[in-house]
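In what follows, a single structure is set out as structure tokens and then discussed.
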């Protein structure tokens with residue numbers, strides 16, 4: 001049984017600006033190494049309830065630039081954590097970024113399957129408000145049922161996510 005606290009809150013307009021602040025620092029650090037910096041996850045969908053953590057995918061051409069990316073991010077207080085069991089999605093933790101909203105940072109090559117999943121899921125929820133509303137309800141319900149159990153919260157919302165993946169063909 002997991003023990004990590006689960007906090008889900010209603011959508012907050014400030015999340016968009018929080019992403020922009022993080023994005024600006026990442027662009028400065030990475031320059032042309034980053035093809036794009038994508039705001040993904042629930043905080044990127046207007047009106048969607050979410051954990052107050054910004055999810056970010058930095059898109060790179062391929063792994064030929066990855067060592068340079070690691071160095072550039074390390075110079076800004078990030079550290080490489082590996083793929084955490086998800087191929088082609090490299091995770092980074094950080095220290096010394098207290099002036100920024102809490103965030104999860106991933107680096108993905110542009111042809112990454114996980115990047116595609118993130119973007120298609122986000123874009124589906126942005127263009128289907130009825131699904132975003134249902135996902136909000138499920139997330140809020142899961143947080144109420146499992147306020148101290150992140151693993152159970154994730155299991156609770158997984159059937160909805162899988163249903164959407166099936167609808168969008170991933």
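Being within 22 Å of residue 113 (Cα to Cα), outside any helix (DSSP H, G or I) and in contact with a helix residue (DSSP H, G or I) (Cβ under 9 Å, 6 or more places away or on another chain) narrows it down to one residue among 7, 38; which is it?
38
Kindly indicate the residue of the range 75-92 that is touching a residue at least 24 places away in the same chain (Cβ under 8 Å), part of a loop (DSSP other than H, G, I, E, B) and in contact with a strand residue (DSSP E or B) (Cβ under 7 Å, 6 or more places away or on another chain) and also nearest to residue 58 (Cα to Cα) among those meeting that condition.
Looking at residues that are touching a residue at least 24 places away in the same chain (Cβ under 8 Å), part of a loop (DSSP other than H, G, I, E, B) and in contact with a strand residue (DSSP E or B) (Cβ under 7 Å, 6 or more places away or on another chain), I get 89.
With respect to residue 105, is the statement that it is touching a strand residue (DSSP E or B) at 6+ places or on another chain (Cβ under 9 Å), at pLDDT 95 or above and assigned to a helix (DSSP H, G or I) true?
no
Return only the number of the condition from (1) part of a loop (DSSP other than H, G, I, E, B); (2) at pLDDT 95 or above; (3) farther than 25 Å from residue 128 by Cα; (4) touching a strand residue (DSSP E or B) at 6+ places or on another chain (Cβ under 9 Å) that residue 22 does not satisfy.
(1)
Can you tell me which residues in the range 121-149 are crowded, with 16+ Cβ neighbours inside 10 Å and either assigned to a helix (DSSP H, G or I) or in contact with a strand residue (DSSP E or B) (Cβ under 8 Å, 6 or more places away or on another chain) (or both)?
Scanning the range 121-149 gives 121, 122, 124, 125, 131, 132, 135, 136, 138, 139, 142, 143.
Please go through the range 93-133 and give me each residue that is touching a helix residue (DSSP H, G or I) at 6+ places or on another chain (Cβ under 7 Å) and farther than 25 Å from residue 58 by Cβ, ordered by number.
Matches in the range 93-133: 131 only.
The values are calculated or read from the model by the stated rules, or taken from the named source; none is laboratory data. Since the structure is predicted, the reported quantities are computational estimates derived from the model, not experimental observations. Positions of Cβ are generated from backbone atoms using ideal geometry, with glycine treated the same way; all protein chains shown enter the neighbour counts.
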